[in-house]
Amino acid sequence: MNFYGFILDNTGLVLEYTLNHISLVAVVLFFSLILWIAVGLVISRYDRIAGTIISLGSIVFCIPSISLFGFFMSVPGLGLGRRTATLVLVIYAMMPLVRSVYMGIKSVDPSVIDAGKGMGMTGLQILFKIQVPMAWPMVFAGIRVTVVLITGIATMATFIGEKNLGRLIHQGITRGNADMIIAGAVIVSLIALAIDYIMGRIEKKITSPGLRFEAGK
Amino acid sequence: MIRVDNIKKTFPGANSPAVDQVTFNVNEGNICVFVGPSGCGKTTILRMINRLIEPDQGDIFINGKDVLEMNPATLRRTIGYVIQQIGLLPHRTIEANVALVPGLLKWPRDKTRQRVLELLEMVGLRPGEVGHKYPHQLSGGQMQRVGVARALAADPPIMLMDEPFGAVDPIVRIRLQDEFLRLQQTFKKTICFVTHDINEAIKMGDYLVIVNQGRIVQMGTPIEVLTSPADDFVLRLLGDDRGVKILDLTRSGSLMESFQAPPKTSAGINGCIVQAIQPVKIALEMMMKNNSDQVGVCSGDKIVGILTWNSIKAHINRVSGDGP
Ligand SMILES: Nc1ncnc2c1ncn2[C@@H]1O[C@H](COP(=O)(O)OP(=O)(O)OP(=O)(O)O)[C@@H](O)[C@H]1O
Ligand SMILES: [Mg+2]
């Protein structure tokens, strides 16, 4: 009568759901990082559209996930399954990612940019050699929030056919099986923590030691 | 070398121009110092030279070429720039900061590295000690030295220095000034130097440009400005010790009464006290120390004349017009 026991009794099923869950999160992260970091970089150079894009991200973020899954499921060509799940989760990742990239770039000390310009760096050199590396701590904070968020919301994708840990939770609720619910929730949390830990290690590698004092580490 | 012709700049939204009717030349190998109160437009003038700010009107020529026709990034790589806020790249090591412009110019790695080590040494930093540190690990004075080294890295013929020794205490500032003047004796770079400290201006400048409210109020060598200030503003800027500042820039030899022939005895002169090339200020100091009102002036170890308190007083009265 404990969730640990439940996992041991259903290893095959739990393992399948866990792997499905991780692979969905990984695919979503892959597309989100490419797409939203690029968008963040672009709007950091075009202030006029930045406000609109960031507001759009925030509005989408406020829509309940279950309705978003439902809506996209009914779009022809998407339907039940991974394609819709990926799309919806990528949309959810927009707000934290675009925002953190934009804020990170904009928070770079203007006198440092000025120095770069004064030394003869071009606009793109300033972006990639000064702004991006200096924005890393903030961008990583955004990525880590996104990871936790996506791992959690991914459970909802069970309603459109994803066989992931959300299914354990969902079925646990319908059957009144608390161990099943706890097993699902605990594994989801562990996945989020593990990815967050890995991200933390990557962050340490990528962020210049010259910036760590600023991030308070 | 640098010719600035009647430039004007009004920032968007400002009522009056930040810089107006500014015209000056900087000769090759000279330090031209821009001095004036905070907000008078010094930084704006400097930044128009490397096109960080575009003038609304007027022309700027470097070696006869109109800067407005050059590619801004290319232009800036040939002009060393020490910015007022220092602006070191916090995510790069000190070595990498100094190597910035050589990197942009695609110097070979070995050449860059050698140059960086040489420069750190030159500005008085130990490459082995600070080279691998990050900017936040340095003191204010050390960061300013790095800022100067970074501007010098690609050996640009022209330097723009905006309060390069601003963020340090007076003692360190004097040391940095002395070191820089010593370097300049061999560099012979053409330098535009901004400060709001009149003493620094007089010390560093071959030529002074005094700016107030966006306009030039006076130009000239330090001694010209000291001896004939254009108006009350310049007079106030020079301070109450204008006479002493003049004596600091006057050589003892120029005020002495020279001997027709070397005297047989040095009665009352106490031998060689000051050198003819030393400032009169030193001679005064020696008079006070020896409790005498005259000193012997020498060239090498040969006595060539005598400098008296009365002739110093007469000189001050003559040039500053304060006396009877
Ligand atoms: N980018 C800008 N936009 C608008 N106004 C500016 C800008 N830069 C300078 N100004 C204004 O132009 C005037 C001259 O500024 P500038 O920075 O050239 O002064 P400064 O002589 O260098 O002063 P300080 O000694 O304090 O550095 C000031 O009134 C300032 O407020
Ligand atoms: Mg200034």
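The values are calculated or read from the model by the stated rules, or taken from the named source; none is laboratory data. All values derive from a computational prediction rather than experimental measurement. Reconstructed Cβ throughout: ideal geometry from the backbone, glycine too, with neighbour counts over all protein chains shown. The protein model used for the area step is the full one, side chains on, heavy atoms only, and it has no ligands, DNA or RNA in it. Shrake-Rupley method; radii C 1.70, N 1.55, O 1.52, S 1.80 Å.
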- Looking at (1) closer than 15 Å to B:SER252 by Cα; (2) hydrophobic (A, V, I, L, M, F, W, C); (3) part of a helix (DSSP H, G or I), which is the only condition B:VAL304 fails? (3)
- Message: Name the residue that is farthest from ligand 1 (Cβ to nearest atom), counting only residues in segment B:112-142 that are within 12 Å of chain A (Cβ to nearest Cβ), more than 12 Å from B:VAL98 (Cβ to Cβ) and part of a helix (DSSP H, G or I).
- Response: B:GLN137
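How many residues are in a loop (DSSP other than H, G, I, E, B), facing another protein chain (nearest Cβ under 9 Å) and at negative phi if we restrict to segment B:53-96?
If we filter segment B:53-96 for residues that are in a loop (DSSP other than H, G, I, E, B), which is where we start, we get B:53-56, B:63-64, B:70-71, B:78, B:83-93.
Among the residues that remain, those that are also facing another protein chain (nearest Cβ under 9 Å) are: B:78, B:83-93.
Retained after the next criterion (residues that are at negative phi): B:78, B:83-85, B:88-93.
Matching residues across segment B:53-96 total 10.
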- Query: Quick one: what pairs do we get from segment B:39-68, first residue over 25 Å from B:ASP197 (Cα atoms) and within 16 Å of ligand 1 (Cβ to nearest atom), second open to solvent by 20 Å² or more (accessible area, probe 1.4 Å) and among the polar types (S, T, N, Q), C-beta under 7 Å, 6+ apart or different chains?
  - Reply: B:ASP56/B:THR10; B:GLY58/B:ASN6
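From B:GLY140, B:GLY87, which residue is within 16 Å of ligand 2 (Cβ to nearest atom) and closer than 27 Å to B:ARG47 by Cβ?
Values: B:GLY140 fails: within 16 Å of ligand 2 (Cβ to nearest atom).
Selected residue: B:GLY87, the only one of B:GLY140, B:GLY87 that is within 16 Å of ligand 2 (Cβ to nearest atom) and closer than 27 Å to B:ARG47 by Cβ.
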- Message: I'd like the full set of residues that are open to solvent by less than 50 Å² (accessible area, probe 1.4 Å) and either modelled with pLDDT under 90 or β-branched (Val, Ile, Thr) (or both), limited to segment A:137-156.
- Response: A:VAL139, A:ILE143, A:THR146, A:VAL147, A:ILE150, A:THR151, A:ILE153, A:THR155
- Query: Can you name the number of the only condition in (1) more than 16 Å from ligand 1 (Cβ to nearest atom); (2) in a helix (DSSP H, G or I); (3) over 14 Å from the mean Cα position of the chain (by Cα); (4) in the same structural domain as B:VAL123 (by TED's automatic domain parsing) that B:GLY253 fails?
  - Reply: (4)
- Given the conditions (1) part of a helix (DSSP H, G or I); (2) in the same structural domain as B:ASP20 (by TED's automatic domain parsing); (3) more than 16 Å from ligand 1 (Cβ to nearest atom), which single one is not true for B:ASN199? (3)
- Tell me, please, whether a residue that is open to solvent by 10 Å² or more (accessible area, probe 1.4 Å), within 30 Å of B:GLY80 (Cβ to Cβ) and either part of a helix (DSSP H, G or I) or within 14 Å of chain B (Cβ to nearest Cβ) (or both) can be found in segment A:157-176. no
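Taking B:GLY29, is it more than 14 Å from chain A (Cβ to nearest Cβ), in contact with a Phe, Trp or Tyr (Cβ under 9 Å, 6 or more places away or on another chain) and part of a loop (DSSP other than H, G, I, E, B)?
Values: more than 14 Å from chain A (Cβ to nearest Cβ): yes; in contact with a Phe, Trp or Tyr (Cβ under 9 Å, 6 or more places away or on another chain): yes; part of a loop (DSSP other than H, G, I, E, B): yes.
It is true that B:GLY29 is more than 14 Å from chain A (Cβ to nearest Cβ), in contact with a Phe, Trp or Tyr (Cβ under 9 Å, 6 or more places away or on another chain) and part of a loop (DSSP other than H, G, I, E, B).
Among the residues of segment B:20-43, count how many are among the aliphatic types (A, V, I, L, M) and within 16 Å of ligand 2 (Cβ to nearest atom).
3
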- Query: Residues in segment B:3-19: is at least one part of a loop (DSSP other than H, G, I, E, B), at pLDDT below 95, more than 16 Å from ligand 1 (Cβ to nearest atom) and open to solvent by 70 Å² or more (accessible area, probe 1.4 Å)?
  - Reply: no
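Scan segment A:54-63 residue by residue and report those that are open to solvent by 80 Å² or more (accessible area, probe 1.4 Å) and under 19 Å from A:THR155 (Cα atoms).
Residues of segment A:54-63 that are open to solvent by 80 Å² or more (accessible area, probe 1.4 Å), as a first pass: A:56, A:59, A:62.
Correct list: A:CYS62 only.
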- Note on the structure: If you go through B:ILE202, B:ILE223, B:ILE282, the only one that is open to solvent by 40 Å² or more (accessible area, probe 1.4 Å), at pLDDT 90 or above, closer than 24 Å to B:PRO170 by Cβ and β-branched (Val, Ile, Thr) is B:ILE223
- Message: Scan segment A:185-196 and tell me whether some residue there is out of contact with any Cys (no Cβ under 9 Å at 6 or more places or on another chain), open to solvent by 20 Å² or more (accessible area, probe 1.4 Å) and more than 24 Å from A:SER23 (Cα to Cα).
- Response: no
- Task: Scan segment A:115-133 for residues that are within 21 Å of B:VAL82 (Cα to Cα) and either open to solvent by 30 Å² or more (accessible area, probe 1.4 Å) or within 23 Å of the chain's Cα centre (by Cα) (or both) and jot them down.
- Result: A:LYS117, A:THR122, A:GLY123, A:GLN125, A:LYS129, A:GLN131
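On the given criteria, is B:THR23 outside any loop (DSSP other than H, G, I, E, B), away from ligand 1 (no atom under 16 Å from the Cβ) and in contact (Cβ under 8 Å) with a residue 60 or more places away in the chain? Walk me through how you get there before you give the answer.
Working: outside any loop (DSSP other than H, G, I, E, B): yes; away from ligand 1 (no atom under 16 Å from the Cβ): yes; in contact (Cβ under 8 Å) with a residue 60 or more places away in the chain: yes.
It is true that B:THR23 is outside any loop (DSSP other than H, G, I, E, B), away from ligand 1 (no atom under 16 Å from the Cβ) and in contact (Cβ under 8 Å) with a residue 60 or more places away in the chain.
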